[in-house]
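The block underneath contains the structure these notes are about, expressed in structure tokens.
The values are calculated or read from the model by the stated rules, or taken from the named source; none is laboratory data. Note that the coordinates shown come from a computational prediction; the quantities given were computed from them, not determined experimentally. Cβ sites come from the backbone with ideal geometry, for glycine too, and all protein chains shown count toward neighbours.
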Amino acid sequence: MSTPTRLRLFCLPHSGASASVYARWRRALPEWLQVCPLELPGRGMRMDEPLQRDIKALAAQLAEEISRDLNGPYALFGHSLGGLLAFELVHALDARHLPAPLALFASGTAGPARRDVSEYAVEKTDEQLIARLRELQGTAEEALASPELMQLMLPILRADFLLCGSFNYGRREPLGVPIHVFGGKQDSVRTDQLLDWQIDAASDFSLDLFDGHHFFLVQHESAVLRCVRRYADEHLARWRLGVARQQVTG
């Protein structure tokens with residue numbers, strides 16, 4: 001009996017976060033949808049590595065790192081900064097003639113084509129970073145009031161903001177992969193900014209909105225994961241059909 005095909009879901013974290021933000025997903029999703037959080041340099045298990053401030057360079061590094069794991073179907077998921085980084089990662093993989101993902105999931109992040117990153121191009125003070133964290137409503141006040149915790153978190157967040165500020169859309173061809181966009185109804189990222197992802201979608205596009213602010217994927221995790229699972233199941237079924245057809249015609 002053959003082993004069921006799994007779809008790897010490479011997950012990219014938001015600003016200031018480590019791969020551990022996706023730990024719960026491994027328990028919440030079925031075995032065939034294999035959650036593979038990507039740890040970025042300078043945090044978590046890669047704390048000893050220097051923080052990256054150039055988004056293209058980081059995407060190129062990640063493309064090399066995951067290249068050996070692309071021998072089966074996979075998709076990319078990124079929230080906030082992670083969504084923008086996932087976009088760059090698709091381009092970096094394409095530039096290396098590596099297999100394309102079955103889909104890109106972009107969560108809580110504006111479409112790249114008309115995105116204004118000038119706000120993030122200048123290094124932020126500690127006070128500005130803490131004010132931004134409070135605005136995003138994803139960090140407890142107890143954590144914001146802890147000098148020890150902020151001493152660890154703020155350098156990562158500062159570098160990640162500069163990482164976002166380094167983004168340059170330039171001249172791009174639409175991605176040849178389906179794009180599924182998730183957004184929070186009360187988030188500062190507007191619906192029209194989420195719809196801008198259509199500019200880069202050469203194939204299927206969808207937009208799903210959830211109650212909540214920027215961290216709706218935490219507040220309404222079950223609803224978000226139901227959507228991820230549904231789309232992933234559809235793409236994996238199409239992939240299996242394509243493989244079966246190749247075997248028949250081959």
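Quick look at the values:
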item	result
Test: residue in the stretch 4-26 that is among the charged types (D, E, K, R) and surrounded by 19 or more Cβ atoms within 10 Å (Cβ to Cβ)	yes
Subset of the stretch 31-84 [part of a loop (DSSP other than H, G, I, E, B) and in contact with a strand residue (DSSP E or B) (Cβ under 8 Å, 6 or more places away or on another chain)]	TRP32, LEU38, LEU40, GLY72, PRO73, SER80
Matching residues in the stretch 169-209 - criterion: being among the hydrophobic types (A, V, I, L, M, F, W, C), surrounded by fewer than 20 Cβ atoms within 10 Å (Cβ to Cβ) and more than 16 Å from ALA113 (Cα to Cα)	LEU207, LEU209
From LEU144, LEU157, LEU195, residue being out of contact with any Ser or Thr (no Cβ under 8 Å at 6 or more places or on another chain) and touching a residue at least 40 places away in the same chain (Cβ under 8 Å)	LEU195
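Each row is one residue, and each column tells you yes or no for (1) modelled with pLDDT of 90 or more; (2) over 30 Å from ASP48 (Cα atoms); (3) among the hydroxyl-bearing types (Ser, Thr, Tyr); (4) within 20 Å of the chain's Cα centre (by Cα).
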{"residue": "GLY111", "(1), (2), (3), (4)": "yes, yes, no, yes"}
{"residue": "ARG114", "(1), (2), (3), (4)": "yes, yes, no, yes"}
{"residue": "VAL122", "(1), (2), (3), (4)": "yes, no, no, no"}
{"residue": "PHE161", "(1), (2), (3), (4)": "yes, no, no, yes"}
{"residue": "GLY165", "(1), (2), (3), (4)": "yes, no, no, yes"}
{"residue": "TYR169", "(1), (2), (3), (4)": "yes, yes, yes, yes"}
{"residue": "ILE199", "(1), (2), (3), (4)": "yes, yes, no, yes"}
{"residue": "VAL218", "(1), (2), (3), (4)": "yes, no, no, yes"}
